[in-house]
Each structure stands twice: as structure tokens, then as C-alpha cells.
Amino acid sequence: MAIKNTDTSYGNIAKAFHWGMFLLLLGMVLLGSYMHELPADTPAQMGYKFGLYDYHKSFGILILVLVIFRLGWRMINPVPKMPDTMSKIENLSAHAMHMLLYVIMFAQPLFGWLMSSYAGRPVKFFGLELPALADKDKAMGDIFHEAHEIAALLLVVAFFIHVAAALFHHYVRKDDVMERMSLRPKKSE
Ligand code: HEM
């Protein structure tokens, strides 16, 4: 299997970004929703809850770094062409959906970082304290808290549309769009 993309298929690096980030994002949405609901009434509860926050923040920053490298890799690689059977409007909506996913993957960790900064809470990357992006400001913290929740919801909705589109290609159109991101090598390889 090729490291780089070709005009007809994704290479190993693009596939590793795709599936690795899928697992990370899934974990982040589940962890975020879980930890947010936890009580913080006793020191033990606070230790558990904010310990999870630290993991959530660290993996979130990792996603921010990964998405920058992923976009860079995408820019220096050919993007496999869509099948000729797709209309112009289908091509445009596929492209728009991919761009939306990139925007959310980039904006969501930044919203989290801004929310924590405005709330005056530390952001550590696996123990290494990162600078605050802004001075403490409760009203702004609330705005970015809201933005973080809305972006997570948008990510989930966009994810389901993305999966539905992949399944449509595979089962209805019967083209190779889904297969070319698959981790299983083609029978011919
Ligand atoms: C792509 C990366 C990320 C995803 C998918 C994500 C997702 C989520 C979700 C779904 C929640 C629960 C929202 C709610 O119900 O209120 C949440 C909460 C939270 N996130 Fe993230 N997050 C990401 C990155 C980050 C980063 C980078 C930070 C900080 C540096 C962060 C800080 C927080 C905090 C502090 C909460 C709890 C807010 C509260 O107290 O309710 N997140 N996140």
C-alpha cells in the first residue's frame, strides 16, 4: 500500500489520520458528555471529575495538532477524484461536507481552550502547562462553553451525514468511494 495518496486512492498516512482521528473524536465526545454531568460536591468527586477534564484537554490539544498536520498532508497530496457518475452538485456538497468537518475539528479544540482560558482554568498538555489564550472573563467563558457544546453537536450531525453518504456510495451507487478509505487492502494488492 502506498504512503501517499494517488488520484484513485488514499495512502496509508491519510488513512491513519482518518481512522485515528475518528477514534479520538469519538472518545472526546463520549468523555466530554460524561465528565460534564459528573458531580463535584466532595474533594474526591472533584479530583475524579477534574482529572478527567485534564485528559479531555490533553487529547483535545492533540487533536488540534493532528488536524494541522492532516491539513498540511492533504495540501501536499492529490485528493482522490470523485467518480464521473457524480453530478456537479453532488461533488460540491461532498467537498463542502469535508470542509465543514475540517472546520469543526479545528475550531472545537480552540473553543475548548478559549472556554478554559476565559474561565481562568489551566490547560495542560499531558502535564505541560500551556499559555492561556485570553484573560479571565466569565461572560466570554459562557459564550465559548455554549460554542463548545454546539460544535460538538454539529460534529455528531456531520458525522452521521458523512457515514450515510459513504454507505450510499457503497450500496446504492456501488462505486469505490467508501473502499478507498478502507484499511483492508484491495484484493488486487
Ligand atoms: C475535538 C476536540 C474536542 C471535542 C470533540 C470535545 C467535546 C466535548 C463535549 C461533547 C463536551 C460536553 C459538552 C457539554 O455537554 O457541556 C465537552 C466538554 C468540555 N470540554 Fe471539550 N472537546 C474537545 C476539545 C477540548 C479542548 C481542547 C478543551 C480545553 C483545552 C476542552 C475542554 C472542555 C471542558 C473544560 C469541558 C467541560 C465543560 C463543562 O464544565 O461543562 N475540550 N467537550
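Quick one: residue 50 ticks every box in (1) within 16 Å of the ligand (Cβ to nearest atom); (2) within 27 Å of residue 160 (Cβ to Cβ); (3) among the aromatic types (Phe, Trp, Tyr) bar one, so which box is it?
(2)
Restricting attention to segment 138-153, does a residue exist that is among the small types (Gly, Ala, Ser) and near the ligand (Cβ under 9 Å from one of its atoms)?
Filtering segment 138-153 for residues among the small types (Gly, Ala, Ser) gives 139, 141, 147, 151-152.
From the residues that got through so far, the ones that are near the ligand (Cβ under 9 Å from one of its atoms) too are 151-152.
Yes, because at least one residue in segment 138-153 is among the small types (Gly, Ala, Ser) and near the ligand (Cβ under 9 Å from one of its atoms).
With the checklist (1) assigned to a helix (DSSP H, G or I); (2) more than 27 Å from residue 18 (Cβ to Cβ); (3) in contact (Cβ under 8 Å) with a residue 60 or more places away in the chain in hand, flag the one item residue 124 doesn't pass.
(1)
Is at least one residue of segment 84-97 within 14 Å of the ligand (Cβ to nearest atom) and assigned to a helix (DSSP H, G or I)?
Checking segment 84-97: not a single residue is within 14 Å of the ligand (Cβ to nearest atom) and assigned to a helix (DSSP H, G or I).
Residue-by-condition table, conditions (1) free of Cβ contacts under 8 Å to residues at least 24 places away in the same chain; (2) under 20 Å from the mean Cα position of the chain (by Cα); (3) surrounded by fewer than 14 Cβ atoms within 10 Å (Cβ to Cβ); (4) not in a helix (DSSP H, G or I):
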site: 19; (1), (2), (3), (4): no, yes, yes, no
site: 29; (1), (2), (3), (4): no, yes, no, no
site: 32; (1), (2), (3), (4): no, yes, no, no
site: 36; (1), (2), (3), (4): yes, yes, no, no
site: 61; (1), (2), (3), (4): no, yes, no, no
site: 65; (1), (2), (3), (4): yes, yes, yes, no
site: 71; (1), (2), (3), (4): no, yes, yes, no
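With crowded, with 17+ Cβ neighbours inside 10 Å, on the phi < 0 side of the Ramachandran plot, free of Cβ contacts under 8 Å to residues at least 40 places away in the same chain and aliphatic (A, V, I, L, M) as the only criterion, which of 107, 132, 96 stands out?
Just one listed residue meets the conditions, 132.
Would you check which residues across segment 121-137 are within 12 Å of the ligand (Cβ to nearest atom), more than 19 Å from residue 24 (Cβ to Cβ) and of a type outside the set (Asp, Glu) and list them?
If the condition is that a residue be within 12 Å of the ligand (Cβ to nearest atom), more than 19 Å from residue 24 (Cβ to Cβ) and of a type outside the set (Asp, Glu), then 121, 122, 131, 132, 133 are the ones that fit.
Determine, yes or no, whether residue 113 is more than 25 Å from residue 181 (Cα to Cα) and either assigned to a helix (DSSP H, G or I) or at pLDDT below 95 (or both).
On the way: more than 25 Å from residue 181 (Cα to Cα): yes; either assigned to a helix (DSSP H, G or I) or at pLDDT below 95 (or both): yes.
So residue 113 passes the test.
The values are calculated or read from the model by the stated rules, or taken from the named source; none is laboratory data. As the structure is a prediction and not an experimental result, all values here were calculated from the model. A quick note on method: Cβ atoms are made from the backbone with ideal geometry, for glycine too, and the neighbour counts reach across all protein chains shown.
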